[in-house]
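Q: Quick one: the structure is below, and I'll ask about it shortly.
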Amino acid sequence: MSDTYDVVIVGYGPVGQYLALKLGHAGYSVACVEKWPVPYGLPRAVHYDHEIARLLKTVGLDSRTNPIIEQYDNVYRWVNADKEVLLDVDWSGTGPSGWHTSNFFSQPQLEKELDSYIERIPYIEVSRGWEVQELAEDADGVTVTARSMRPEDVGAMSTRTYRAKYVVGCDGANSLVRRWMNAEMHDLGFAFDWLIVDMVPDEPMTFDPPAWQWCNPAAPTTVVPGGPGRRRWEFMRLPDETIEQLNTVESAWKRMAVWGLTPDNSVLERHAVYTFRARWAQPEQWRKGRVLIAGDAAHLTPPFAGQGMCAGIRDAQNISWKLDAVLAGRSSPDLLDSYGPERSNNMQYWINFAVGLGAVICVLDTDAAAARDTAMKAAVADPNLAPPPPPPPTLTAGVIGTHPSAGHLSHQYQVRAVTTTDFFDHVEGYGWVVISGAGSPSEALSAENLAWAHANGFILASIGQAGGPDLVDVDGKYATWLEKLGADTLIVRPDFYIYDAGALSGLDTAVTELRIKLHATSVAAV
């Protein structure tokens, strides 16, 4: 007899937890199957950006007030061996999503926090200590077989089966789910070994700025926060070092001594050697029938842009709203075909960006480092010599319209409704959103499209100054943004990316086309 669920998630790290929360909040039964009997208590991911802060708020985590989050308000600096500035990446202030541009945390604390939210949702079951061994798909679902890894079952060869309509593999770089799918990984050939050292100093340490890369060809080093009360160092393996020599307690303390940390004034939380890689599954292979992959199971990126876990959360958000539409019968399963192309193209941007940053720091040749320094210092002295900043990452395929802004991440600003003033999400909620500065979206839709929009939970809001619209544009920032986009009306997806933009007069046609792209099954499906 198999236990039956709407979705089985293999893996219970932040990506699997986030996906479980999204599906659980939507009322679906979820089983999270995790190999390890107890939570892994050591740090790994340490950073997320404004987009992820906005997404995490949808499941209850407020990055502005939660004590496990350290909001960052400075530059991310790159310096040469003499600590002369080569590059400043602005991580200060609030990003376009309405949340802090950069945030640091300790992953065990984040996982514990998300787990506490999951405990409140009766639809979610967490099975710790069960290692998935096999998947078997048929026309109606997937059977997942797992064997016990729990101490009490040692030698007993205990097994358990789960039955689900869909399975999502969030099971990391060595994903069994990905292997079952026969998904091929595209590899950029980027491979460098780094020693990661996580420290808890007895007293706070001050760095200006707190996050920086020391591009020293004699010893490339990363220095960043590791969440409140923690610091992280990363040291590139040198040619005369072996991984075995590098990955020891003695090696970690030897490097920490240079920074004034000893066993007498700090705690060594973790040391581990990682090989930084740049890989992704082929876009059409992120889904195979009723099975999908997300997070490190689908892609690996060097950490220099702080986007590894961010990408996994984006995957989970993309899957969650599409699975919701399919499981509820609002869309056909064909909608899920858009997942891989959308997320792969977006993820490739971040991987290539991180590899580009890696090319700056992973330089051991002194002549090459000197040439790098000369060029980058010249750009600091004369910004006209600097290359233009890369365009923001976008969705280039899938469920997007035709306006130039389609596929771009949307912005969020403050609005007022009656007596409530707050950011748009906190006033109106989450889901598909139509915002118009030109009048009522409801009145611009045909009866059929309006019924479909209501059945699919659309938020339809006019926005402008006091005296007429549903929402007051408190600071005038929505008006400025719309003017910059060359549109007066936007359709925004549940993952906060713009589906399409244009004139209010064209909204009804845009919604009709959206229904086609969503493989909508009926006008009023609920």
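Q: Could you give the accessible area per residue of segment 150-281, probe 1.4 Å, as a whole number in Å²?
A: Details: 6230 Å² over 132 residues.
Here the per-residue accessible area is 47 Å².
Q: Continuing with this model, one more query. Taking the Cα centre of each part, how many Å lie between segment 429-492 and segment 178-240?
A: Their Cα centres are 43 Å away from one another.
Q: Tell me what the chain gives for mean residue ellipticity at 222 nm when only DSSP H runs of n ≥ 4 count, each as -39,500 (n - 2.57), the sum divided by the residue total, rounded to 500 deg cm²/dmol.
A: Working: 14 runs with 148 residues, N = 526.
Calculated mean residue ellipticity at 222 nm is -8500 deg cm²/dmol.
Q: Also, quick follow-up: For the pair Leu268 and Ala378, how long in nm is the line joining their label points, each one 7 Å along Cα→Cβ?
A: 4.4 nm
Q: Given N residues in segment 1-106, what is its alpha carbon radius of gyration divided by 2.2 N^0.38 Å? Mind dumping the intermediate values first?
A: On the way: Rg = 18.1 Å, N = 106, 2.2 N^0.38 = 12.9 Å.
Relative to the 2.2 N^0.38 Å estimate, segment 1-106 comes out at 1.40.
Q: Provide the gained length on full extension for the span Val38 to Asp73, in nm with one decimal, where the gain is 0.36 nm per separating residue minus the Cα-Cα distance. Before the final figure, lay out the partial values.
A: Working: separation 35, 0.36 × 35 = 12.60 nm, distance 3.45 nm.
Full-extension gain reported as 9.1 nm.
Q: Roll a 1.4 Å probe over the protein chains and send me the accessible area per residue for segment 403-526 in Å². Don't jump to the answer; show the numbers that get you there.
A: On the way: 5240 Å² over 124 residues.
Value returned for segment 403-526: 42 Å² of accessible area per residue.
Q: Which three numbers, in whole Å and largest first, are the semi-axes of the equivalent ellipsoid of the chain derived from its Cα gyration tensor as √(5λ)?
A: Numbers: eigenvalues 298, 197, 87 Å².
In descending order the semi-axes read 39, 31, 21 Å.
Q: At 7 Å along the Cα-to-beta-carbon direction for both Glu443 and Ala370, put a label point, then send me their distance in nm to one decimal.
A: The two pseudo-label positions are separated by 7.2 nm.
Q: Could I ask something else about it? In nm, what is the difference between 0.36 nm times the number of residues separating Ala219 and Asp202 and their Cα-Cα distance? Could you put the intermediate results ahead of the total?
A: Details: separation 17, 0.36 × 17 = 6.12 nm, distance 2.59 nm.
Full-extension gain reported as 3.5 nm.
Q: Moving on. Calculate what fraction, in whole %, of the accessible area of segment 256-398 sits on carbon and sulfur atoms when a 1.4 Å probe is rolled over the protein chains.
A: Values: 3140 of 5450 Å².
Within segment 256-398, the accessible surface is 58 percent carbon and sulfur.
Q: Can you list the residues of segment 161-181 with backbone N under 14 Å from a point 7 Å past the Cα of Glu131, pointing along Cα to Cβ?
A: Counting backbone N atoms under 14 Å from the label point, the list is 174-177.
Q: Still on this structure: For Thr301, Thr159, Thr512, give the ranking by accessible area with the largest first, probe 1.4 Å. All intermediate terms of the calculation are to be shown ahead of the outcome.
A: On the way: Thr301 30, Thr159 95, Thr512 60 Å².
In descending accessible area the options line up as Thr159, Thr512, Thr301.
Q: Related question: Just subtract the alpha-carbon distance of Ala386 and Ala173 from 0.36 nm times their residue separation and send over the number in nm, one decimal. Numbers along the way, then the final one.
A: Working: separation 213, 0.36 × 213 = 76.68 nm, distance 3.57 nm.
Net length gain for the segment: 73.1 nm.
Q: For the chain, build the charge dipole from Cβ charges (+1 Lys, Arg; -1 Asp, Glu) around the Cα centre, then report which of Asn346, Pro303, Trp321 sits farthest towards its positive end.
A: The listed residue farthest towards the positive side: Trp321.
Q: Given Cα pairs under 8 Å that are at least 6 residues apart, what percent is the relative contact order of the chain? If you can, show how the numbers build up before the last one.
A: Values: 1109 pairs, mean separation 75.7, N = 526.
The normalised contact order for the chain reaches 14 percent.
Q: Ok, one more. With every protein chain left in place, what is the accessible area of His454 in Å² (1.4 Å probe, nearest 10)?
A: 110 Å²
Q: Using alpha-carbon pairs under 8 Å, 6+ residues apart, how would you state the relative contact order of segment 112-172 in percent? Can you show the working numbers first?
A: Values: 66 pairs, mean separation 15.2, N = 61.
Result for segment 112-172 is 25 percent.
Q: Just how much of Phe276 is accessible, in Å², when a 1.4 Å probe is used and the result is rounded to the nearest 10?
A: 20 Å²
Q: Rounded to the nearest percent, how much of the accessible area of segment 81-136 (1.4 Å probe, protein heavy atoms only) is carbon and sulfur? Working shown, then result.
A: Values: 1100 of 2500 Å².
For segment 81-136, the apolar C and S fraction of the accessible surface comes to 44 percent.
Q: Follow-up question, since we're still on this one. Would any residue of segment 190-219 have its amide N under 16 Å from a label point 7 Å out along Cα→Cβ of Leu238? List them or say none.
A: 193-195, 214-219, by backbone N distance to the label point.
Q: How large a share of the accessible area of segment 477-526, in percent, is made up of carbon and sulfur atoms when the probe is 1.4 Å and the other protein chains stay in place? Write out the running numbers ahead of the final one.
A: Working: 1250 of 2140 Å².
Roughly 58 percent, rounded to a whole number.
Q: Continuing with the same structure: Using a simple charge model, +1 on the beta-carbon of Lys and Arg, -1 on the beta-carbon of Asp and Glu, nothing else, what dipole does the chain show about its Cα centre, in debye to the nearest 20?
A: On the way: 42 positive and 64 negative charges, 126 e Å.
Computed about the Cα centre, the dipole is about 600 debye.
Q: Accessible area of Arg163, 1.4 Å probe, to the nearest 10 Å²?
A: 50 Å²
Q: Could you work out the Rg to Rh ratio of segment 163-288, with Rh taken as the Kirkwood radius (inverse of the mean 1/r over all Cα pairs)? Provide the component values of the computation, followed by the final result.
A: Working: Rg = 18.6 Å, Rh = 17.1 Å.
Across segment 163-288, the Cα-based Rg/Rh ratio is 1.09.
Q: Can you give the net charge of the other residues whose Cβ lies under 10 Å from the Cβ of Pro494, counting K and R as +1 and D and E as -1? All intermediate terms of the calculation are to be shown ahead of the outcome.
A: Details: positive: Lys22, Lys322, Arg493; negative: Asp324, Asp495.
After counting each charged neighbour, the total is +1.
The values are calculated or read from the model by the stated rules, or taken from the named source; none is laboratory data. Just so we're clear, the structure is a prediction, and the values are computed from it rather than from any experiment. Because the Cβ atoms are built from the backbone with ideal geometry, glycine has one as well, and the counts that use them run over all protein chains shown. Areas reflect the complete protein model, heavy atoms only, side chains present, ligands, DNA and RNA absent. Shrake-Rupley method; radii C 1.70, N 1.55, O 1.52, S 1.80 Å.
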